[in-house]
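Here is the structure we will look at.
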Protein chains: 2
Amino acid sequence: MNAVCLLSGGLDSATCLAHARREGFRCFALSFDYGQRHRYELEAARRLAQSLGAERHIVLPIDLRAFGGSALTADIDVPKHQSVEEIGTGIPVTYVPARNTVFLALALAWAETLGAGDIFIGVNAIDYSGYPDCRPEFIHAFETLARLATKAGVEGASRFRVHTPLIELTKAGIVKLASTLGVDFALTSSCYDPGETGRPCGACDSCLLRRKGFAEAGLSDPLEYPS
Amino acid sequence: MNAVCLLSGGLDSATCLAHARREGFRCFALSFDYGQRHRYELEAARRLAQSLGAERHIVLPIDLRAFGGSALTADIDVPKHQSVEEIGTGIPVTYVPARNTVFLALALAWAETLGAGDIFIGVNAIDYSGYPDCRPEFIHAFETLARLATKAGVEGASRFRVHTPLIELTKAGIVKLASTLGVDFALTSSCYDPGETGRPCGACDSCLLRRKGFAEAGLSDPLEYPS
């Protein structure tokens, strides 16, 4: 069966793609060039798609900078911290408006063209509790929408399921699952603000959560952080 | 109040934008360069945004051709007919997979950045009954999704309403409404397969529906059709 798998180049989406492959899906990996400041992520996505055996990989340009509004795309500084405890609650400034709605809508367009009824997305409601579009109720609402939105859904040919295998896992749980699935951690890129060479900053929310996840999982991260 | 108004350059979306202006909204018009074969439409959108007093107009490039699957974007011929009775039932080949889902998702991204809780879309369930994403149940599902997807929705700051003022109108009804609202028909472009100069073919589904609409409304269309 064909499935569209959203792939950012980070640890979570890589684990999600590896899971979909293990479940037996032929995976069509979809990444977005949305003007993210961490361009290195797209290189990581390309390497991961190949390494994890995706059938095909599309990097779709979509310039969300036209709308502005996030530290990941606009001229707002990515927050840096000394430790994971300093990460604030609430919706962080790295939130990109309606991002997962846009990404799932485009995944749906490709899925419909492929005749695929399955979409995989590596959202996580535990460590990213500040993002409204990472919650199970959002995913369920999108599944309802997808069935009403499409030819296949209307004709009853497809049930359009959005798979979220990581949604209830902690970062440590994701690291362990990735390890079991044979994800090459060295190919993944999690940092919101990496250097030109892709070296992680070690201090943004995403780096801190990743480092905590590896520590709690008792595994070592092959990425080199500034000391 | 701010509203994001989807604007294709056609008669329906122009009427929808004129209606939103009449309702007192400051309108942020959003068009998509999605690789449509009728490029002239985007010129029409630019002229209409200006003519109808939009606050701002963005034409966002988004290459749906990467996914293929429609006569409006890919290498499938646009069907031509002798009369409106020949238009088939069911979902036409001009249907672009998940188009309105993608367009509304992007409108939502802009709305969230603008702090706007209102989106206008000129969908019509009568003459476009073949398109699943023009139906009221699809629109309602999107409103539910939008409230769950966004910071403003989660914080209760916005109710996110998707306005569809044309949804129950016939094409004749839309022509009459447009006339009342002072839409300059000469600026609108409805044809799925216009010539280089934007001259309508007169024989695609969209031209036939438009011509029938003007005839039934008892108004004359300023566009010149081949005789």
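A few remarks follow.
- Across segment A:50-63, not a single residue is classified as among the hydrophobic types (A, V, I, L, M, F, W, C), over 27 Å from B:Ala111 (Cβ atoms) and within 13 Å of the chain's Cα centre (by Cα).
- Lone qualifier among A:Ala45, A:Ala66, A:Ala49, A:Ala54 - being within 14 Å of another protein chain (Cβ to nearest Cβ), out of contact with any helix residue (DSSP H, G or I) (no Cβ under 6 Å at 6 or more places or on another chain) and surrounded by 17 or more Cβ atoms within 10 Å (Cβ to Cβ): A:Ala66
- Once segment B:107-136 is narrowed to residues that are assigned to a helix (DSSP H, G or I) and among the small types (Gly, Ala, Ser), the residue that is nearest to the other protein chains (Cβ to nearest Cβ) is B:Ala109.
- Filter pass, B:Thr197 being of a type in the set (Val, Ile, Thr), modelled with pLDDT of 90 or more and out of contact with any strand residue (DSSP E or B) (no Cβ under 8 Å at 6 or more places or on another chain): no
- Condition met for A:Arg159 (without any contact (Cβ under 8 Å) to a residue 24 or more places away in the chain, under 30 Å from B:Ala141 (Cα atoms) and not aromatic (Phe, Trp, Tyr)): no
- Residues within segment A:172-197 that are in contact with a Phe, Trp or Tyr (Cβ under 9 Å, 6 or more places away or on another chain) and either of a type outside the set (D, E, K, R) or assigned to a helix (DSSP H, G or I) (or both), tallied: 10
- Among the residues of segment B:217-227, those that are at pLDDT 95 or above and more than 15 Å from B:Asp184 (Cα to Cα) comprise B:Ala217, B:Gly218.
- With respect to the conditions (1) part of a helix (DSSP H, G or I); (2) modelled with pLDDT of 90 or more, B:Leu169 lacks only one, and its number is (1).
- Of all residues making up segment B:1-33, the number that are buried (at least 19 other Cβ atoms within 10 Å of the Cβ), closer than 21 Å to A:Phe67 by Cβ and in contact (Cβ under 8 Å) with a residue 40 or more places away in the chain: 16
- Cβ-Cβ under 9 Å pairs, at least 6 apart or on other chains, segment B:102-119 side under 16 Å from B:His140 (Cβ atoms), far side among the charged types (D, E, K, R) and surrounded by 24 or more Cβ atoms within 10 Å (Cβ to Cβ): B:Leu104/B:Asp133
- Looking only at segment B:137-153, and only at residues there that are facing chain A (nearest Cβ under 8 Å) and touching a Ser or Thr at 6+ places or on another chain (Cβ under 6 Å), the one that is nearest to A:Leu64 (Cα to Cα): B:Ala149
- Residue in segment B:37-47 that is more than 15 Å from the chain's Cα centre (by Cα), among the charged types (D, E, K, R) and assigned to a loop (DSSP other than H, G, I, E, B) present: yes
- Here B:Leu209 meets each of (1) within 22 Å of B:Val96 (Cα to Cα); (2) out of contact with any Asp or Glu (no Cβ under 6 Å at 6 or more places or on another chain) with one exception, condition (2).
- From B:Thr144, B:Thr150, B:Thr180, B:Thr113, residue being β-branched (Val, Ile, Thr), over 15 Å from the mean Cα position of the chain (by Cα) and buried (at least 23 other Cβ atoms within 10 Å of the Cβ): B:Thr150
- Among residues of segment A:198-225, those that are assigned to a loop (DSSP other than H, G, I, E, B) and either acidic (Asp, Glu) or free of Cβ contacts under 8 Å to residues at least 60 places away in the same chain (or both), counted: 11
The values are calculated or read from the model by the stated rules, or taken from the named source; none is laboratory data. The structure displayed is predicted, hence computed values, not measured ones. Because the Cβ atoms are built from the backbone with ideal geometry, glycine has one as well, and the counts that use them run over all protein chains shown.
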